[in-house]
Structures are given as structure tokens and as C-alpha cells.
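The values are calculated or read from the model by the stated rules, or taken from the named source; none is laboratory data. All values derive from a computational prediction rather than experimental measurement. Positions of Cβ are generated from backbone atoms using ideal geometry, with glycine treated the same way; all protein chains shown enter the neighbour counts. When the accessible area is computed, the model is the full protein with side chains, heavy atoms only, and any ligands, DNA or RNA have been set aside. Shrake-Rupley method; radii C 1.70, N 1.55, O 1.52, S 1.80 Å.
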Amino acid sequence: MPKQRDVQAQRELLSNATWQVLADDGLPGLTLRAVAERAGCTTGLVMHAFPTKKALLLHARDLLYERTAVRADAAEAECSSASDALAAVLGQAVDLPHGHHEESRVWVGFLAAALADDDLAERHRAANRSFLARVRRLVASCCPEWTDERLERTTKSLVALVEGLNVLAAADPATYPARLQRDALAEALAEVRPPGRSGGGKRSG
């Protein structure tokens, strides 16, 4: 029986190879053979972890969510107030100059694939709702006096803005450069952090 650390090492190897294929070749290029070539292993080893192309796709979608969630956690943890955390979380979600262009392209590919695949669609909805919940919590900490309806509307508007900018910038970065993205986000956040509100409250758990 393989040792647990060996299994984990293999999983990390295959996960890194999967991401490299996605970043370079997009969703259409994600095959068991392509992952095996990037990982420097046999197709049999890949199939042991992911018996089907569908299993590999689902793993790749989970991998994208894990990468973005870890980065959002880090952005939020660095801030001492909810308003700063909200700006940081949304700022890192937008492409901007962070070097996430490949993630944006991969995300768009998964979104397109999800339209025809129920399992991928469910993964997409779960990831989106998790991000919505994070943003809503931060908006509520900034504006505790707001009604649930206003919190819901503002949260979805902010998330729609950053996701929309990602999609458009992925295909046409010259038209949607980092400066435009920053300005659009700052303008949207003005509603949550109006003049005279300095901090917006402490960040909740």
C-alpha cells in the first residue's frame, strides 16, 4: 500500500500538471495524455487518480476554486477593517495587474462548459455562492444598518462587476485595462464606503 505522503505528492504533481495544461492550452486541451506528459508520468498513473476525462475536469474546477479561495483568505487576513477587506477581496478577484490572466481564461472556459454539463454547473454555482457569501458578510460588516434586500442587491452587483470585468478583460485586455478595472471597482465601492465613513467596522470571523 502506498504511503500517504506518496499519494499526496502524486496528487500535487498531477494538480500542478493539470493547471499547466489549462493555462497553456485551455479547457479543450485538457486530456489525460496531456496531463501525463506535463507530469512526466504514464497515462495509467493519471487514470488511477482520475479514471475519466470528467473526473479530471471536476478536479480541475475544484482546483481553480481552491486557488482563488486561498488568495481571497490571504487578502482578507491582511486587513484590519471590513471596508479594507472588502476592497482587497474584490480587488484580487479582478484581474488587474496581479497576473491572474490565465485564471480568468480558465474560468471563462469552465463557465462555457458548465452551460452544457450539470456537474460542472453545480460546481460553478457552489463556488460563486461561496464568494457571494464572503462578500455579503463583509458588506454587512461595513453597513450593519442596511436591510437584507439592500445587502443582497449590493453584494450581487459587486460580484457581477468583478466577474464581468474578468470575462471581458480575458478576451480584450486592451479595452479593459487594469486602470479601468480599478476605477470601476472604486466607484462601485463608494456606495459601501461613502465619504465620512472611515473604517466600516471590524472584520467579522
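Test Arg193 against the criterion of being of a type outside the set (Val, Ile, Thr) and touching a Cys at 6+ places or on another chain (Cβ under 7 Å), and give yes or no.
Yes; evaluated as a whole, the condition is true for this residue.
Considering only segment 37-54, how many residues are open to solvent by less than 30 Å² (accessible area, probe 1.4 Å) and assigned to a helix (DSSP H, G or I)?
Counting residues in segment 37-54 that are open to solvent by less than 30 Å² (accessible area, probe 1.4 Å) and assigned to a helix (DSSP H, G or I) gives 2.
Six or more apart or on different chains, Cβ atoms under 7 Å: show the pairs whose first residue is in segment 130-146 and without any contact (Cβ under 8 Å) to a residue 40 or more places away in the chain and whose second is surrounded by 21 or more Cβ atoms within 10 Å (Cβ to Cβ).
Leu132/Thr155; Arg136/Thr155
When you check Arg105 against the structure, is it open to solvent by 60 Å² or more (accessible area, probe 1.4 Å) and assigned to a helix (DSSP H, G or I), yes or no?
Yes.
Got at least one residue in segment 166-180 being modelled with pLDDT of 90 or more, part of a helix (DSSP H, G or I) and surrounded by 15 or more Cβ atoms within 10 Å (Cβ to Cβ)?
Looking through segment 166-180, none of the residues is modelled with pLDDT of 90 or more, part of a helix (DSSP H, G or I) and surrounded by 15 or more Cβ atoms within 10 Å (Cβ to Cβ).
I want to confirm something. Restricting to segment 127-165 and keeping residues that are of a type in the set (S, T, N, Q) and assigned to a helix (DSSP H, G or I), which single residue is nearest to Val70 (Cα to Cα)?
Looking at the filtered set, the residue picked out is Ser130.
Restricting to segment 55-76, and then to whatever is in contact with a Ser or Thr (Cβ under 9 Å, 6 or more places away or on another chain) and in contact (Cβ under 8 Å) with a residue 60 or more places away in the chain, can you tell me which residue is most open to solvent (accessible area, probe 1.4 Å)?
For segment 55-76, the residue satisfying everything is Tyr65.
Please indicate, with yes or no, whether at least one residue in segment 39-55 is among the hydrophobic types (A, V, I, L, M, F, W, C), under 22 Å from the mean Cα position of the chain (by Cα) and over 30 Å from Thr154 (Cα atoms).
Checking segment 39-55: at least one residue is among the hydrophobic types (A, V, I, L, M, F, W, C), under 22 Å from the mean Cα position of the chain (by Cα) and over 30 Å from Thr154 (Cα atoms).
What tally of residues in segment 77-90 results from selecting those that are open to solvent by 10 Å² or more (accessible area, probe 1.4 Å) and either part of a helix (DSSP H, G or I) or at pLDDT below 80 (or both)?
Qualifying residue count for the region: 4.
Could you grab me the full set of residues in segment 5-23 that are of a type in the set (A, V, I, L, M, F, W, C) and either open to solvent by less than 20 Å² (accessible area, probe 1.4 Å) or under 18 Å from the mean Cα position of the chain (by Cα) (or both)?
Result: Leu14, Ala17, Trp19, Val21, Leu22, Ala23.
In segment 24-36, what count of residues is obtained for those that are surrounded by 13 or more Cβ atoms within 10 Å (Cβ to Cβ) and among the acidic types (Asp, Glu)?
Here the count works out to 1.
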